[in-house]
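Below is one structure, written out as structure tokens; the observations come after it.
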Amino acid sequence: MSEQSLERAKLTKTLRLIDDESRMTRQKYEELRESVGGLKRGASSAFDSALHVKTFLLERARQNLINLGLAAGKPYFCRVDFREAGHDELATHYIGKYGVEDTQHHTMAVVDWRSPVANLYYSGQLGNVSYRCPDGNVEGELILKRQFTIENGELKHMFDTDVVAQEAFLRDALSELKDNRLRDIVTTIQQEQNLVIRAPMNGPLLVQGAAGSGKTTIALHRIAYLLYAHQDTLTPKNLMILAPNPLFLDYISEVLPELGVEDVVQTTYVKLCQELMGKHGPKVAPADPLTLMLERNLTKDAAERMVRCGRYKGSLAFRKKAEDYLGHLQSAIMPEASLTLGKLRIYSRKELLRIFTEDFAPYPLVPRIREMEKHLSFKMADSAARLVAYYEKDCQTRVNALKLRLPPGEERQHRILEVYEARDLRIKEVRTQAEERLKTYIAAFKVPTLLEAYQDFLAHYSADDPDLLAQLAAENREELLAGRIRREDLAALVLLCHGLFGLSRKLSIQHVVMDEAQDFSPFELSLLGTLTGSESVTLMGDLAQSIHPFQGIESWKEVAEQCYQRAGLETMTLVTSYRSTTEIMAVAESVLAHFTSPERPAAKPVLRHGPAPRFYRVGEQQRLPALQALALEFAESYSSVAVITKTPAAAKSLYSRLRKNTAVHLITQKDTHYEGGVMVLPAALAKGLEFDAAILADVDRETYCENPLDCHLLYVSLTRPLHALAGVFSGEPSPLLSAVSFTDWA
Ligand SMILES: Nc1ncnc2c1ncn2[C@@H]1O[C@H](COP(=O)(O)OP(=O)(O)OP(=O)(O)O)[C@@H](O)[C@H]1O
């Protein structure tokens, strides 16, 4: 029998096995469902542990069933034959997206791509290889690596791979046209990416990766891997992905389900902060400082001031000030008075302060007031009881004295009654007083709203550093007064909310994966650590795409020193860029060469060629027709085409003119859905996304100046397309495009 026939027979056998396993799993699933239902109906604590175990098994069976369903069309994509050192027999493994167990024989018919042995496929060339597994390193010889293309259960193509064949396979995968969503890359994960995916999760990991190096894709595969490797301790709900915006979440939304992973917490930083602040948070979405900066036509001075203020708000020094302010608030919100009942002093102000700031210190301030109230209410009741006892005793003494002094008779009776009535009155008074005193005391706590506290915080410290903090208070005072905030204010607001009111919920997150991590400030990164109580985090970022000079990260070294000194930041680098053609990356890298950073090695494109990028000089009147013609031309060959502007306002204005003659849609900050087709959008929103083709509007001298922000915005825009790139400018081209040649638009 030929190899092909043998593999066909193997496929048929595997598909039959999947069928049998599906049937058995379904039966098991139904039984478990019934059993769980029964246990739930008769639920009593005695059954709790049985219910717990059965629910767990039911969930496992459900997931297995889904995976078997997904495996049925394409059970595996490769085969590796491996001979372990010191052993004679050859082990053959078929590797697929989902492991398939032969439960009758207790063997794995298909091994999961995340299993240790799958490392052979991702990191081993033929010959001597080794891979890590929980018991240590396994060494041996990789004899065969065979790739399969299986569609709907049919073997379409197979080939034995070597380096050359594998590169061709990757190039083919990269040459495909993209629809509107990111896809899994299980069959073509590269060695450097495999290392990131499988890196341990016990501490913070930073991945500096060039544009298109697969950071987003790898982050998602890493999540799937972590869930597999830690399946006994980690559930999807304990993992959180932080993405830049809702549109981006939509763009990546299909990868995890394709990898058989559901229920991972996926959110944006802004949304997370708003959720955590709950009803205390400002009602409006925070303004994007980049848009303010780009669209306000700020003078150089004003822009510098904004950057300085923003950076300060993102610093750990600012966090320290916010913490100090919370310390100050503890005493500042407390009433000045001591607590008395009648002539009895229950607590002096000093004692009250100690109780509030020390005994109840673990509580946020407002819940702490409630705890204090409970404590004082006991104390008051106790003091009142002591007074009552005293009045009773005093009353009894008086009654006894009257009895001695007066002969029995009406007058004595009357005087004794008076004593009793006086006692009752005093007791009633003391009880009412105890209640009122406590009420008045508690009401005298001066609790600010969150925004009031934030404004007061900024004002409070302006005296310390009049130059910076007064400026900072003034910078967005108007916005704050109107109840509006900027993103850069969120970290301090969440911290204040945490200390003042408590947060709306506790984050039960064991590991956070952050994409576009260069856009976060040190304060934001450290805050996430505080909120999750864990330093287990994967940061995916690229300093070359840092477009938030007023808050973002300028150096990973600083992040390591400031935020993760204790745990130690593990750093990995991805330099190969998979998205764009060599021709496109050459232009992008020539732009980036204007502002290099030693912490960001130059990107190396995968050898994949495409049409040369075209840049056109247009007359004022030709701008629109040129952009329109390019959009139409690209739309004929490609399914996703982006027309990228520098600012949201420019995108809006261009869209309103283009839409008259072209089928385009505008993408704004509010969009949560990524549709594909021809779209107009600003660079900041294009970041993280990709398109078959991109047209850059207005790459002229005034729009993209020779400064790091413009350089990074232009770099981001240039690195979005996979296959084709064009640019249009009128007047003079941007100095950042000095290495690029132009043609006049005819
Ligand atoms: N090993 C791979 N095999 C096939 N495709 C890959 C591989 N690695 C990355 N890609 C593809 O390269 C493109 C870029 O990936 P991704 O968006 O994850 O990169 P990124 O580093 O996050 O990019 P950026 O920072 O520019 O947004 C995607 O289309 C992805 O599918």
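What follows is calculated from the coordinates using simple rules that are stated; it is not laboratory data. Note that this is a predicted model, so its numbers are computed, not measured. As a convention, Cβ positions derive from the backbone with ideal geometry for all residues, glycine included, and neighbour counts pool all protein chains shown.
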Whole-Å semi-axes of the ellipsoid equivalent to region 202-317 (Cα gyration tensor, √5λ, descending): 33, 18, 15
Region 176-236: D in µm²/s via Stokes-Einstein (Kirkwood Rh, Cα pairs, 20 °C, 1.002 mPa s)? 168
Taking 1 over the mean of 1/r across every pair of different Cα atoms in region 475-633, what Kirkwood radius in Å do you get? 19.5
Taking only the alpha carbons of region 332-408, what extent do you get along each of the three principal axes, in Å, biggest first? 63, 19, 14
Which entries of K321/K506; K279/K439; K74/K646; K350/K439 have Cα-Cα distances beyond 31 Å here? K74/K646
Using the Kirkwood formula on alpha carbons, the hydrodynamic radius of region 608-746 in angstrom works out to 14.8
Gained length - D232 relative to E151, 0.36 nm times residue gap less alpha-carbon distance: 25.9 nm
Work out the FRET efficiency for S738 and N137 from their Cβ-Cβ distance, taking R0 = 35 Å, and round it to the nearest 0.05. 0.10
Got the relative contact order for region 678-728 handy, in percent, Cα pairs under 8 Å and 6 or more residues apart? 55
Expressed as a whole number of Å, what is the distance separating the alpha-carbon centroids of region 683-718 and region 166-221? 23
Per principal axis, descending, Cα span of region 257-367 in whole Å: 67, 52, 25
Packing-ranked peptide list from 424-433, 553-562, highest mean Cβ count within 10 angstrom first, is 553-562, 424-433
What do you get for the angle between helix 708-718 and the principal long axis of the chain? Use alpha-carbon atoms, 0 to 90 degrees, nearest ten. 50
Note: region 24-99, point scatterers on Cα, Debye, no solvent; log10 I/I(0) at q = 0.18, 0.23, 0.26 Å⁻¹ equals -0.77, -0.96, -1.08
By how many nm would the segment from A91 to Q396 lengthen if fully extended, with 0.36 nm per residue of separation less the alpha-carbon distance? 100.1 nm
Under the helix-only model (-39500 (n - 2.57) for each DSSP H run of 4 or more, divided by the residues of the chain), the mean residue ellipticity at 222 nm, to 500 deg cm²/dmol, is -15000 deg cm²/dmol
For E478, project a label point 7 Å along Cα to C-beta. Then give me every residue of region 280-316 with its amide nitrogen under 16 Å of that point. 287-289, 292-299, 302-303, 306
Which whole-number percent is the relative contact order of region 149-307 (Cα, under 8 Å, 6+ apart)? 20
Could you state the per residue volume, in Å³, of the convex hull enclosing the Cα atoms of region 593-663? 165
Suppose we take every Cα in region 75-174 and form the convex hull; what volume per residue is that in Å³? 118
Cα-based Rg then Dmax for region 313-368, in Å, read 14.6, 52
Taking the chain as the reference, fit the longest principal axis to its C-alpha atoms, fit the long axis of helix 623-637 to the helix C-alpha atoms, and give the angle between the two in degrees, 0 to 90, nearest 10. 70
The chain: radius of gyration and largest Cα-Cα distance (Dmax), Å: 34.2, 129
Approximate spin-label separation E167-T440, in nm, with each point projected 7 Å along Cα-to-Cβ: 8.7
Per-peptide average of other Cβ atoms within 10 Å, ordering 319-330, 345-356 highest first: 319-330, 345-356
What is the packing order of peptides 724-732, 98-106, 516-524, taking the mean over residues of other C-beta atoms within 10 Å and listing the highest first? 516-524, 724-732, 98-106
Per residue, the convex hull enclosing the alpha carbons of region 555-608 has a volume in Å³ of 80
Report the residues of region 248-269 in range of a label on R181: point 7 Å along Cα→C-beta, backbone N strictly under 16 Å from it. 248-264, 266
Taking every DSSP beta bridge that has both residues in the chain, what percent is antiparallel when rounded to the nearest 5? 40
